[in-house]
Amino acid sequence: MILAEIQCLPTPAGTPDDRHAHVEAAIAEIQRAGVHHEVGALGTTLEGEPDVVWPLLRRVHEACLAAGASSAMTVIKVYGIAEDGRTPGIDDLTTKFRGGQDRPDASPVGPVAAEHR
């Protein structure tokens, strides 16, 4: 398994009627793939088998252009472990920060970060 984060930066981000249409086309591509993923404010994290994830990352980038963007820059981060180990998944890396996150104003990094918002 590999863990990846993708941030698509299409120009423009959308259309006059839907200002995020091109970004949403990229997210829809991930949703259609059926991989475990989480959409974040600045990118989407996904996990899956390398033979699924690598081609998906390309399709996500191309989805912005197919939706009508004149250009797109895509930032991709990939994390994997050698075959003899286990790559941590999204839940493995984020669960400890989700305790008490019911409030929309809760800080995942503790009270100090919340004081500096």
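Values for this structure:
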read-out	value
Whole-number D in µm²/s for segment 2-115 (Stokes-Einstein; Kirkwood sum over Cα pairs; 37 °C, 0.692 mPa s)	212 µm²/s
Cα-centred dipole magnitude for segment 2-115, charges only on beta-carbon of K, R (+1) and D, E (-1), debye, nearest 20	160 debye
Label point at Thr95 placed 7 Å out along Cα→Cβ; residues across segment 1-15 whose backbone nitrogen lies under 19 Å	1-4
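FYI, it's all coordinate maths here, none of it is from the lab. Keep in mind it's a predicted model, so treat the numbers as computed, not measured. FYI the Cβ positions are ideal-geometry reconstructions off the backbone, even for glycines, and counts take in every protein chain you see.
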